[in-house]
Each structure stands twice: as C-alpha cells, then as structure tokens.
Amino acid sequence: MRSTKQKEVLQQQLTQFTSFFNAEELYRHVQKKNPNIGIATVYRFLKTREDQGELHSFICNRKTIYSTNKNNHCHFVCEKCGIVQHIPAKNLDFLSKSIAGEVCHVQIDVTGVCKDCLGGKRD
Ligand SMILES: [Zn+2]
Ligand SMILES: [Zn+2]
Ligand SMILES: [Zn+2]
C-alpha cells in the first residue's frame, strides 16, 4: 500500500517536468511531498518508466537526464576546449528511414571546433 502511494507521488512530480531533468531534481521535488521516499526508490521508478517507454534517457555532460517526451538531444562538442553546446535538430526523419526498426529517441554528439577556438579568442 505504502509503495503505491509513493508511486503516485513520483508520477505526479514526474509530470511537472516539461523539459529535461535528472534523478536528483525529481528526488528534490518528491522530498517536498513525501520525505520518506529515498533516492533508490526514485532511481527504481525512473528505470521502470523507461522500460515501459514512458520515459527517455540521454547522456548530457556525462550525466543521465530524462524526458517524458521523445525530444531529440543533440550536442556539439568542441575538441579544443571541450565545451558542450546544445544544438537544435528538429528534422531527423532521415534517420528512421535508414534504420530497419522503430526509432524511440535520438541523441547525437557532433564533434568539431567551436567558434571561439576558431577565432583564437581562447587558447
Ligand atoms: Zn526512448
Ligand atoms: Zn545535453
Ligand atoms: Zn572550443
């Protein structure tokens, strides 16, 4: 019974996020509603939701972040200074065409040299 209530709180807080979030953020929100919910429960909940296809996970700056919608997550990583920029990539339909299966969500990491490094403003 107790765990059903906890799941309700978790689900409720999950739907508050309109964009990307991480486990700690969800944990903080959940704590305000029910301090008995531990971080392990939060991780378990996220894993279950992901397995059910209701949540999608991405790696951002070596951290796992989640989204309730299948937003694409694209990075431009500078080889010189290591800065990570988020780049908009809306039209990725070509990917689905070259994949013999069903695409769930997309993460792309593009590597290159950023504008600042090209301009010589940084070392
Ligand atoms: Zn997905
Ligand atoms: Zn990112
Ligand atoms: Zn750079």
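(1) of a type in the set (D, E); (2) in contact (Cβ under 8 Å) with a residue 24 or more places away in the chain; (3) exposed (fewer than 11 other Cβ atoms within 10 Å of the Cβ): which one isn't true of E102, the others all being true?
If we test E102 against (1) of a type in the set (D, E); (2) in contact (Cβ under 8 Å) with a residue 24 or more places away in the chain; (3) exposed (fewer than 11 other Cβ atoms within 10 Å of the Cβ), just (2) comes out false.
Report whether or not K70 is closer than 30 Å to N91 by Cα and not aliphatic (A, V, I, L, M). Spell out the reasoning first.
On the way: closer than 30 Å to N91 by Cα: yes; not aliphatic (A, V, I, L, M): yes.
Judged against the criteria, K70 is a match.
Kindly indicate which of Q31, Q107, Q13 is over 11 Å from the mean Cα position of the chain (by Cα) and surrounded by fewer than 17 Cβ atoms within 10 Å (Cβ to Cβ).
So the residue among Q31, Q107, Q13 that is over 11 Å from the mean Cα position of the chain (by Cα) and surrounded by fewer than 17 Cβ atoms within 10 Å (Cβ to Cβ) is Q31.
Taking the stretch 40-86 as the search range and keeping residues that are under 30 Å from T111 (Cβ atoms) and among the acidic types (D, E), which one is surrounded by the most Cβ atoms within 10 Å (Cβ to Cβ)?
E50
Do we find a residue being away from ligand 2 (no atom under 12 Å from the Cβ), on the phi < 0 side of the Ramachandran plot and touching a Leu at 6+ places or on another chain (Cβ under 9 Å) anywhere in the stretch 83-97?
The answer is no; no qualifying residue exists.
Does the stretch 70-82 hold any residues that are within 12 Å of ligand 2 (Cβ to nearest atom) and at pLDDT 90 or above, and which are they? Write out each step before concluding.
Quick first cut of the stretch 70-82, residues within 12 Å of ligand 2 (Cβ to nearest atom) only: 71-77.
Within the stretch 70-82, H73, C74, H75, F76, V77 qualify.
Listed here are the residues, each with its yes/no results for (1) part of a loop (DSSP other than H, G, I, E, B); (2) over 20 Å from A23 (Cα atoms); (3) β-branched (V, I, T).
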position	(1), (2), (3)
S57	no, no, no
F76	no, yes, no
K80	yes, yes, no
F94	no, yes, no
V103	yes, yes, yes
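Would you mind stating whether V113 is over 26 Å from T4 (Cβ atoms), within 16 Å of ligand 2 (Cβ to nearest atom) and surrounded by 11 or more Cβ atoms within 10 Å (Cβ to Cβ)?
no
How many of the residues in the stretch 19-53 are within 16 Å of ligand 2 (Cβ to nearest atom) and modelled with pLDDT under 95?
2
Using beta carbons and a limit of 7 Å, which pairs, at least six apart or on different chains, have the first residue in the stretch 41-54 and under 13 Å from Q11 (Cβ atoms) and the second one among the β-branched types (V, I, T) and part of a helix (DSSP H, G or I)?
Within 7 Å, the pairs are V42/V30.
The values are calculated or read from the model by the stated rules, or taken from the named source; none is laboratory data. The model shown is predicted, which means the values in this text are computed figures rather than measured ones. Note that each Cβ is placed from the backbone with ideal geometry, even for glycine, and that neighbours are counted across all protein chains shown.
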